[in-house]
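Report on one structure; see the data block that follows.
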Amino acid sequence: MRPPIALSIAGTDPSGGAGIQADLKTFTALGVYGTTVITALVAQNTHGVSRVYGIDDDFVADQLASVADDMPIDATKTGMLGTRSLVELVSRQARERDLGYLVVDPVMVATSGHRLLDEDAVDAVRTLLVPQADLITPNLPEAALLLGDDVPEATNPEQMRLQATELIGRGASAVLLKGGHLDSGELVDVLAVRRETSTGTGVDITEVAHPRLDTRHTHGTGCTLAAAITAHMAAARHAAPEAPAESHVVSAVENSLAYLNRAITSAAEWTIALQPEGAHGPVDHLVDLRAAHL
């Protein structure tokens, strides 16, 4: 008798909107027991990042061993890794340990355009984590970067479908290409899932379109979405340990996108920052719990 268990390997956000803190809130809101491995201490808030303090690789490894040696992990999410050595460490640990289903949020390029991953680490993500993951969740700049240094980012759903399919060809089992950067009133996300057949590898494409909400409060949406998917994948593996990950991906993604939409909608009118001008507030991770207690 135990709950589903999810692990987040990521950096912190002391303001609670993104990173480890957002992941734990999301796991809890969706009924999953959350565990963490911290890769970086990040001083940030609704106005941005002011400082990043990296954690030594050996201490990251010790944290991971502390969790994995003690608890059965149903699904793992990776977030901010930052350096090539950390990408290699996580890849090695994922091969040597049972970390459950693996959801990789590349965290290479922030919504602001800032690079969050060392240049020499990009190739390690491409060649190590992408083929290992059961699902990767890049935004449009990250997908382009995963495909090559000079690849332009997609600007419409057709290009998104092509790039998601190309990432499947590069070894990904499933790709959720997030369309938040599209310059349109409607938001489109593209999910591509590898399908093995007797004649070779196929790709199933699912598009999810929804209206773009008129709010600036989108801090941590990428972390929250990937954490929600991880929570749903953890619950699915806990219920059916032998089922392949691809049998759960579509429902996990659709349920998580719906949850994120509710969380954004609920927080759309919040004013959390003391200086609201220029602030990007968090989503309401506890929207469903809050509604249940009204």
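Read-outs throughout are calculated quantities, based only on the coordinates presented, and are distinct from any laboratory measurement. Remember, it's a predicted structure, so these values are computed and weren't measured experimentally. Every residue, glycine as well, gets a Cβ built from its backbone with ideal geometry; the counts of neighbours run over all protein chains shown.
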Could you list all residues from segment 237-274 that are free of Cβ contacts under 8 Å to residues at least 24 places away in the same chain and either at positive phi or in contact with a Lys or Arg (Cβ under 8 Å, 6 or more places away or on another chain) (or both)? ALA243
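Every residue, every condition in (1) surrounded by 18 or more Cβ atoms within 10 Å (Cβ to Cβ); (2) out of contact with any Gly (no Cβ under 9 Å at 6 or more places or on another chain), yes or no:
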position: ARG216; (1), (2): no, no
position: ALA234; (1), (2): yes, no
position: GLU254; (1), (2): no, yes
position: ALA258; (1), (2): no, yes
position: ALA263; (1), (2): yes, yes
position: PRO276; (1), (2): no, yes
Only one of SER15, SER8, SER50 that is of a type outside the set (Lys, Arg) and closer than 23 Å to MET233 by Cβ: SER8
Number of the condition not met by ALA234 [criteria: (1) assigned to a strand (DSSP E or B); (2) in contact with a Pro (Cβ under 6 Å, 6 or more places away or on another chain)]: (1)
Scanning segment 58-87 for residues that are farther than 17 Å from ALA10 by Cβ and of a type in the set (Asp, Glu), the one surrounded by the most Cβ atoms within 10 Å (Cβ to Cβ) turns out to be ASP74
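Please find, among GLY171, GLY179, the residue that is buried (at least 21 other Cβ atoms within 10 Å of the Cβ) and touching a residue at least 12 places away in the same chain (Cβ under 8 Å).
Details: GLY171 fails: buried (at least 21 other Cβ atoms within 10 Å of the Cβ).
Only one candidate passes the filter, namely GLY179.
Considering only residues of segment 187-202 that are touching a Gly at 6+ places or on another chain (Cβ under 9 Å) and touching a residue at least 12 places away in the same chain (Cβ under 8 Å), which is surrounded by the most Cβ atoms within 10 Å (Cβ to Cβ)? Don't jump to the end; show me each part of the working.
Taking segment 187-202 as the starting set, the residues that turn out to be touching a Gly at 6+ places or on another chain (Cβ under 9 Å) are 187-190, 194-196, 201.
Subset that is touching a residue at least 12 places away in the same chain (Cβ under 8 Å): 187-190, 194-195, 201.
Numbers: LEU187: 18, VAL188: 19, ASP189: 23, VAL190: 25, ARG194: 18, ARG195: 12, THR201: 10.
So the residue we want is VAL190.
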Any chance segment 114-122 includes a residue that's within 16 Å of the chain's Cα centre (by Cα), under 21 Å from ALA61 (Cα atoms), assigned to a loop (DSSP other than H, G, I, E, B) and of a type in the set (D, E, K, R)? no
